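One structure coming up, written as structure tokens, with questions to follow.
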Amino acid sequence: MAGIETLKRLKWDHLFSKETLEASSVVTYTSGTMLCSNDQTITSLFVVLEGRVKIYTLSEEGKLRLLRLKAAPTLIGDIEYASGRNVLHTVEAVGTVTCLKIPFEALRRYNRTVDFTEHLLKGVSEKLFIEANASSNHLMSTLEERLAGYLISLSESGNELFQAEMSQLKRKEVAEWLGTSYRHLNRTLQAFVEEGLVQRTRKEVVIIDSEKLKERANGMFYE
């Protein structure tokens, strides 16, 4: 299985037993595909082997809010596996994403190892801490900080994906994730242009000064 070779390269192969891997499958998702959605029931753990995903949730006002962008390797569904609850946050592929899909039943039957349990516990704890911190930061941060952090975090995805996410079609979604209006987002983006932080045309957005943009983010990153 190709996924096993990737796991070895990522140094995650020790986390899963032979029997667990035999019960698993490698799945590739195209950009924009939902790996799982809020409040959905899932029965498999996703090990992201290649690509990036974005994770977002519903705010108390019923609006979408971006939590973070995650690059491989990462686990999706670990909190749901550990808690037995429905999906906590929506996870969407950013570009092409390849995952090893492992049935929960196989994990329970064949994978009760110390290495996996420790990795799971550490990962779940980190996610809960990051999400609690992100919620607090989101409420206290300015739109300028959120947009600057989003641009810097997104730029790690590569130029093609960066342009796709910052296209006119996607910008309304970006505005909602960042907790603002489409018009306010465009005004803020234009302010960045006037400051010399980014360059903007009808077709693309280009980061000109990443260091100053990082300063404007004031620690508000989505990684």
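The values are calculated or read from the model by the stated rules, or taken from the named source; none is laboratory data. Just so it is clear, the structure is predicted and the values come from calculations on it, not from any experiment. Quick reminder, even Gly has a Cβ in these numbers, built from the backbone with ideal geometry, and neighbours come from all protein chains shown. Just so you know, the surface numbers come from the protein's heavy atoms only, side chains and all, with ligands and any DNA or RNA stripped out. Shrake-Rupley method; radii C 1.70, N 1.55, O 1.52, S 1.80 Å.
Pairs, please: C-beta under 7 Å, at least 6 apart or cross-chain, first residue under 20 Å from I79 (Cα atoms) and in segment 126-155, second modelled with pLDDT of 90 or more?
Cβ pairs passing all conditions: K127/I79.
Residues of segment 120-145 being at pLDDT 90 or above and open to solvent by 90 Å² or more (accessible area, probe 1.4 Å), which ones?
The answer is L121, K122.
Anything in segment 201-219 that is among the basic types (K, R) and within 25 Å of the chain's Cα centre (by Cα)? List them, or say none.
K203, K212, K214, R216
With respect to V174, determine if the residue is out of contact with any helix residue (DSSP H, G or I) (no Cβ under 9 Å at 6 or more places or on another chain), part of a helix (DSSP H, G or I) and open to solvent by less than 50 Å² (accessible area, probe 1.4 Å).
The answer is no for V174.
Ok, one more. E61 is checked against (1) at pLDDT 95 or above; (2) within 21 Å of R171 (Cα to Cα); (3) not polar (S, T, N, Q) and fails just one. What number does that condition carry?
Among (1) at pLDDT 95 or above; (2) within 21 Å of R171 (Cα to Cα); (3) not polar (S, T, N, Q), E61 violates only (1).
Among the residues of segment 206-214, is any under 20 Å from K70 (Cβ atoms) and surrounded by 15 or more Cβ atoms within 10 Å (Cβ to Cβ)?
yes
Tell me which of these T117 doesn't satisfy, since it passes every other one: (1) polar (S, T, N, Q); (2) open to solvent by 50 Å² or more (accessible area, probe 1.4 Å); (3) not in a helix (DSSP H, G or I).
Here T117 meets the rest and fails (3).
Right, next: Which of the residues belonging to segment 23-44 are of a type in the set (G, A, S) and under 20 Å from R109 (Cβ atoms)?
A23, S24, S25, S44
A quick yes/no check of all residues on (1) touching a residue at least 40 places away in the same chain (Cβ under 8 Å); (2) at negative phi; (3) among the acidic types (D, E):
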residue	(1), (2), (3)
E5	no, yes, yes
W12	yes, yes, no
S25	yes, yes, no
Y29	yes, yes, no
G32	yes, no, no
V47	yes, yes, no
G51	yes, no, no
I55	no, yes, no
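While we're here: Can A217 be described as touching a helix residue (DSSP H, G or I) at 6+ places or on another chain (Cβ under 6 Å) and small (G, A, S)? Outline the logic, then answer.
Details: touching a helix residue (DSSP H, G or I) at 6+ places or on another chain (Cβ under 6 Å): yes; small (G, A, S): yes.
Yes; evaluated as a whole, the condition is true for this residue.
Name the residue, out of Q190, Q199, that is assigned to a strand (DSSP E or B) and either without any contact (Cβ under 8 Å) to a residue 12 or more places away in the chain or open to solvent by 70 Å² or more (accessible area, probe 1.4 Å) (or both).
Q199
When segment 75-111 is examined, which residues are found to be without any contact (Cβ under 8 Å) to a residue 40 or more places away in the chain and either touching an Asp or Glu at 6+ places or on another chain (Cβ under 7 Å) or polar (S, T, N, Q) (or both)?
S83
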